Amino acid sequence: MASKLDMPSSSKASSDLQSLVELGLDMRVADQLIEIFKSDKLTLGDLDDRAIDAIKEFPVDCALAVLKQFMESNLEHVSNKSAFLCGVMKTYRQKARSGLVSLASTSSNGSRFLARGPDEEKIDVILKRTGFCLDVTTGQRKYGGPPPNWEGPPPGPGCEVFVGKIPKDMYEDEIIPLFEQCGSIWDLRLMMDPLTGMNRGYAFVTFTGRDGAQEAVRKLDEYEVKPGKTLKVNVSIPNLKLFVGNIPKSKGKQEIKEEFSKYTTGLSDVIIYSAPDDKRKNRGFCFLEYDSHKSASVAKRRLSTGRFKAWNCDIIVDWADPQEEPDTETMSKVKVLYVRNLTQDITEEKLKQAFEVYGVVERAKKIKDYAFVHFDERDNAIKAINGLNGKTLENVVLEVSLAKPPSDRKKKEEMLRARERRVMQMFMQRGGFFPSNFGSVPRGRVDGGSDMRGLLSRPEYEDSGAEGGSSGQGGKSNPVSRQQDQSFRPGASRPHFGPWTSVYNSSTEVWYRDDSFGASWN
């Protein structure tokens, strides 16, 4: 990083200009930066190597447009100006991909794409009253955290609420006074859309205690914040897990943890699933669990750049979609068991015989290395858990637990489509190519909780009754149809990698490449 020199302004400008040219910047771009330096919005010392390299990669006209936008931005609450400039450049590239601006040239108003922000006078009044600070980046506006004179650790689980359906032109000057009525605020993070300069319609508010979060849900959920505009407020659960795909199947849990611990901090656990036909191999993907959402978020950014290769593989990194836990009343009615860790030698008939000792078994359905056993009575299902969990059958130790009722299919499909879009966007950002050894695009979600096995929570099951119904693929369309219909994923011209099979294993719902099609599990 270049150092800031203490010279008279004219001499310093000349020195800065020479430094910028020596760093490889075009003279016109360097001149524009000098004008920004003179405005005191930025100094040469504020620019790190990443920002300099990014500017050099831009066509000159586009770099000038980006710098003009930066010059016109309100930087009053921006603490990292170099990162903010990189964000403006990233936004410009995104607009170029969308056809809204050209990377070859720009119109006279092509650089003006950020919307008007909040009422700065009201923001200043709030900041002076609370003693909080406001940190603005192109992706979010963060207010507070921690409050002045705060002692002790940050607020724990249950203190944060998700606020959705926020009007796009609403900012902290209106949101903060509203939520202050519910309790003492630790911080507020308003997510921003760099392409429009408006908010994305949602935010996270963390209170200093759980009472504030509960009061916000009670008081502000469905609150009409503007005529015809109501908020959606609920307690949020921080996502600590990342999904990582396209890893070598030969790697074990400890090897994976050691590899990713080299490049990320706070990694607390690695979750893998064995291949049905070879317990010594994983299924080509894993889940990384971190000690905090911040650690997971930093890890995701670091691993998603495309520069990091685990064992020389182009990995796929995404959030593990959190799954809602059924309420106690719902689970109290479940009489279906999930049985894990099965081998090919354990047939449905053998399963039924083993479980019938504890009561009438209506049916047993095996899918690869796990199965669902349906009892006629819940009490008998509980007896079977107590009697068979951890016991040996055909030389393997069974893992038996209550299965989860199926969640809302519409919501499930929306989550899968969102995963597809994120994965495709990741590849587009890397140049539009799939990795050469790409074996799968896993899709779906992983549960955020723990069950009595200390792994992931109970899996979902389909309870539609007869076999062969419309839900015969676990709530999904027939995998054969998906294989034949190349339009089911964004970018229909993608290379064909083989059959896609739905797998419901230890509450992970995932699509992966396989040599055989999954059977109906009802």
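The values are calculated or read from the model by the stated rules, or taken from the named source; none is laboratory data. Just so it is clear, the model here is predicted, and its values are computed rather than measured. Quick reminder, even Gly has a Cβ in these numbers, built from the backbone with ideal geometry, and neighbours come from all protein chains shown.
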With 195, 178 as the choices, which residue is within 23 Å of residue 79 (Cα to Cα) and surrounded by 15 or more Cβ atoms within 10 Å (Cβ to Cβ)? 195
Mind checking which pairs have a first residue in region 173-201 that is free of Cβ contacts under 8 Å to residues at least 40 places away in the same chain and a second that is in a helix (DSSP H, G or I) and small (Gly, Ala, Ser), Cβ under 9 Å, 6 or more apart or different chains? 181/216; 182/212; 182/213; 182/216; 183/212; 183/213; 183/216; 184/212
For residue 172, are the conditions met, namely being of a type outside the set (A, V, I, L, M) and either more than 25 Å from residue 75 (Cβ to Cβ) or surrounded by fewer than 21 Cβ atoms within 10 Å (Cβ to Cβ) (or both)? no
Tell me, yes or no, whether region 212-227 has at least one residue that is among the charged types (D, E, K, R), touching a Ser or Thr at 6+ places or on another chain (Cβ under 6 Å) and outside the structural domain of residue 290 (by TED's automatic domain parsing). yes
Determine which single condition residue 112 fails, assuming it passes every other condition in (1) at pLDDT below 85; (2) assigned to a strand (DSSP E or B). (2)
Under 6 Å by Cβ, and 6 or more places apart or on different chains, what pairs join a residue from region 125-148 that is over 21 Å from residue 84 (Cα atoms) with one that is among the hydrophobic types (A, V, I, L, M, F, W, C)? 126/176
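Looking at 386, 380 in this structure, which one is assigned to a helix (DSSP H, G or I) and surrounded by 15 or more Cβ atoms within 10 Å (Cβ to Cβ)? First the steps, then the outcome.
Numbers: 386 fails: surrounded by 15 or more Cβ atoms within 10 Å (Cβ to Cβ).
When all the criteria are applied, what remains is 380.
Just give me the residues in region 296-312 being buried (at least 19 other Cβ atoms within 10 Å of the Cβ) and either assigned by TED's automatic domain parsing to the domain that holds residue 154 or not charged (D, E, K, R) (or both), in sequence order. Give the derivation first.
Filtering region 296-312 for residues buried (at least 19 other Cβ atoms within 10 Å of the Cβ) gives 296, 299-300, 303, 310.
Within region 296-312, 296, 299, 303, 310 meet the criteria.
Can you pull out every residue in region 16-68 that is of a type in the set (Phe, Trp, Tyr) and at pLDDT 85 or above?
Of all residues in region 16-68, those of a type in the set (Phe, Trp, Tyr) come to 37, 58.
Within region 16-68, just 37 meets the criteria.
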Failed item, numbered, when residue 249 is tested on (1) within 30 Å of residue 164 (Cβ to Cβ); (2) not assigned by TED's automatic domain parsing to the domain that holds residue 159: (1)
What's the number of the condition residue 105 fails, among (1) hydroxyl-bearing (Ser, Thr, Tyr); (2) loosely packed, with under 15 Cβ neighbours inside 10 Å; (3) modelled with pLDDT of 75 or more; (4) out of contact with any strand residue (DSSP E or B) (no Cβ under 6 Å at 6 or more places or on another chain)? (3)
Need pairs with beta-carbon distance below 8 Å; first residue outside the structural domain of residue 383 (by TED's automatic domain parsing) and within region 327-344, second buried (at least 17 other Cβ atoms within 10 Å of the Cβ) and assigned to a loop (DSSP other than H, G, I, E, B); sequence gap 6+ or separate chains. none
